[in-house]
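Inspection log for the structure reproduced underneath, given as structure tokens.
The values are calculated or read from the model by the stated rules, or taken from the named source; none is laboratory data. Note that the structure is a prediction, hence the values are computed from the model and not measured. Note that each Cβ is placed from the backbone with ideal geometry, even for glycine, and that neighbours are counted across all protein chains shown. Only protein heavy atoms, including side chains, enter the accessible area calculation; ligands, DNA and RNA are left aside. Shrake-Rupley method; radii C 1.70, N 1.55, O 1.52, S 1.80 Å.
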Amino acid sequence: ISAKDSLTADLSILCHYAIAEGKMSFSLTVKDEIVSHKLRGEEVGEFELAALTGTAGSILISRGERYIEYTTESYTVGRHIARLAHSLHDIESSVAVMEREGRKSRSTVVRITGKGCEGMLYASGMLSSTVNGISMGGGMDWTLLDTPGKKRAFLRGAFLGSGSISDPSRSYHMELVCRTERLAQGIMDLLSEFGLNAKRFERKASQVVYIKDGDMICGFLALLGASEAALRIEDARMLKNARNDAIRITNYETANMQKTAKAAAAQILNIELIAARMGIKALPQPLFEVAEARLNNPEATLSQLAQMLGLGKSCVNSRLKKISDIAQDIETGTADF
């Protein structure tokens, strides 16, 4: 099904695509959860819409009329943009599922037309008034974000518009792609106000704000109302920690086993040398008992040998050391007997 020449799509098309594409990515799951929580208050919604416009919207002009086109990978977010714009402005909208050439994924495109478009563009900072008239860009007026609710709404819109987050079972990485350095810095400042330390880097012509710390990503998702996603990250972290602990324990036990096997092999070689040159019965009785026990139990640990002989571990270790010294004396020709 292709919708390249049409800007209409219904839920049945979405379901068809969802089945064809299989399981949704973690990013789309998070965005679905965020959209499911409704914001309270028209004014707060304006700031979410402003962030969506600033991150996912583009200004297009046709026959002298401006309109806004949003592109997103999430149909749910696309419908959310249309509904939010309808509730706040005098606009018309259409939603389409479009196939992009050269890409495996499908995009949802929302086209907004009508009188309210200019107000939306001004609110987002994509249009601004100057002495000479109207200019493109200018950026968001950050002084308008004067309450925690407005700041959360803006961050929510920014993530829905250009955010992504990796599957926590693989890595911890959340990012927001920003068109301008000013927008990126503004988002970083907002995150900092909520105790979230983000960094940024340049990718092609965009600025990318990112967080790699698992705790901070959980805090960011909780801030946006995605508590289930935050819990999923916590579960993944607990599973990773348990897996890492198990690996460390296994590695430790394996290293100990290798160390024990290496030591036992050296002890047996020493005893066999003594047996070949002088016979192990020539050893003093305490050393003979330990030598015989080691030959009969080549895989036993020092603790197990001690338990078999009813001796202390240090005692058995000391006697094995004496046997090693005797074998060395035989090799160097300095043995006393």
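For the condition part of a helix (DSSP H, G or I), more than 26 Å from N256 (Cα to Cα) and out of contact with any Cys (no Cβ under 9 Å at 6 or more places or on another chain), I323 does not qualify.
What about D213, is it touching a residue at least 40 places away in the same chain (Cβ under 8 Å) and either polar (S, T, N, Q) or open to solvent by 50 Å² or more (accessible area, probe 1.4 Å) (or both)? When the stated conditions are applied, D213 passes them. Is it true that some residue in segment 245-255 is under 20 Å from the mean Cα position of the chain (by Cα) and either open to solvent by 60 Å² or more (accessible area, probe 1.4 Å) or under 21 Å from G195 (Cα atoms) (or both)? Checked segment 245-255: at least one residue is under 20 Å from the mean Cα position of the chain (by Cα) and either open to solvent by 60 Å² or more (accessible area, probe 1.4 Å) or under 21 Å from G195 (Cα atoms) (or both).
I'd like the full set of residues that are in a helix (DSSP H, G or I) and within 17 Å of T260 (Cβ to Cβ), limited to segment 290-308. Can you show your working first?
Going through segment 290-308, the residues in a helix (DSSP H, G or I) turn out to be 290-296, 302-308.
Matches in segment 290-308: V290, A293, R294, L295, N296, L302, S303, Q304, L305, A306, Q307, M308.
Which of the residues that make up segment 54-84 are touching a helix residue (DSSP H, G or I) at 6+ places or on another chain (Cβ under 8 Å) and under 17 Å from I34 (Cα atoms)? T55, A56, T72, E73, S74, Y75, T76, V77, H80, I81, L84, listed by residue number. Can we say L155 is surrounded by 20 or more Cβ atoms within 10 Å (Cβ to Cβ) and either over 30 Å from D189 (Cα atoms) or at pLDDT 85 or above (or both)? Considered against the rule, which asks whether it is surrounded by 20 or more Cβ atoms within 10 Å (Cβ to Cβ) and either over 30 Å from D189 (Cα atoms) or at pLDDT 85 or above (or both), L155 comes out as yes.
Taking segment 95-138, which residues are on the phi > 0 side of the Ramachandran plot and either of a type in the set (S, T, N, Q) or at pLDDT below 75 (or both)? Answer for segment 95-138, where residues must be on the phi > 0 side of the Ramachandran plot and either of a type in the set (S, T, N, Q) or at pLDDT below 75 (or both): G102, G133, G137, G138. Would you check if S164 is part of a strand (DSSP E or B) and small (G, A, S)? Here the answer is yes, as S164 does meet what is asked.
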